[in-house]
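Structure first, commentary second.
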């Protein structure tokens with residue numbers, strides 16, 4: 001069954017919404033059914049994309065010493081004449097690009113294992129607050145007002161670290177998952193401990209590292 005333009009638009013919006021939620025909290029039964037149905041529709045209508053489903057990869061970005069600068073251009077004469085709104089635009093400035101940015105990459109299914117581990121150690125309610133999630137969000141891109149507010153809403157790294165340190169049997173349960181899980185938890189602890197704020201991108205633009 002072919003999709004019309006409206007069906008395509010809905011898929012393009014809804015699949016990312018569900019995938020972003022899925023990374024930090026379990027979907028409801030209805031949401032899981034909806035996601036499965038939409039992924040099946042996507043695979044049926046775009047068979048050449050079935051080898052790499054949307055949100056196959058995840059990139060954690062750790063960032064600190066960040067300032068957000070208003071780089072909105074001055075309204076042109078034409079905009080003033082027509083009383084057109086001049087959209088705000090922002091850029092993130094990093095104090096030291098070598099020291100103040102770090103990345104950690106893994107597959108989406110492993111991200112779901114991390115989420116399950118967090119639920120197992122009692123952080124099911126806190127994990128969505130600890131790890132902001134977006135798709136195709138690069139800190140070097142120009143930001144609109146809602147993007148700026150999203151970055152400004154990141155949680156305090158010290159709070160995130162304290163949650164991991166208070167979690168019951170986290171180290172033992174991570175070890176039971178294997179070395180990859182131990183390394184991921186250590187990376188989170190280290191960077192939150194160093195004052196980095198961390199967010200997840202479920203659709204990074206370059207996939208060479210995966």
Of these, 203, 156, which one is closer than 16 Å to residue 61 by Cα and crowded, with 18+ Cβ neighbours inside 10 Å? 203
Among the residues listed as 128, 155, the single one being in a loop (DSSP other than H, G, I, E, B) and at pLDDT 95 or above: 155
Every residue from segment 89-109 that is more than 16 Å from the chain's Cα centre (by Cα) and in a strand (DSSP E or B): 90, 91, 92, 93, 94
Failed condition for residue 151, given (1) in contact with a strand residue (DSSP E or B) (Cβ under 9 Å, 6 or more places away or on another chain); (2) farther than 28 Å from residue 89 by Cβ, with all others met? (2)
Just name the residue that is farthest from residue 109 (Cα to Cα) out of those in segment 43-66 that are in a helix (DSSP H, G or I) and at pLDDT 65 or above. 45
Please tell me if residue 150 is part of a helix (DSSP H, G or I), surrounded by fewer than 16 Cβ atoms within 10 Å (Cβ to Cβ) and touching a residue at least 12 places away in the same chain (Cβ under 8 Å). yes
More than 18 Å from the chain's Cα centre (by Cα) and either free of Cβ contacts under 8 Å to residues at least 24 places away in the same chain or surrounded by 14 or more Cβ atoms within 10 Å (Cβ to Cβ) (or both): is that true of residue 168 in this structure? no
Which listed residue is within 20 Å of residue 22 (Cα to Cα), free of Cβ contacts under 8 Å to residues at least 60 places away in the same chain and either more than 13 Å from the chain's Cα centre (by Cα) or crowded, with 18+ Cβ neighbours inside 10 Å (or both), from 123, 131, 161: 123
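The values are calculated or read from the model by the stated rules, or taken from the named source; none is laboratory data. All values reported here derive from a predicted model rather than from experimental measurement. Every residue, glycine as well, gets a Cβ built from its backbone with ideal geometry; the counts of neighbours run over all protein chains shown.
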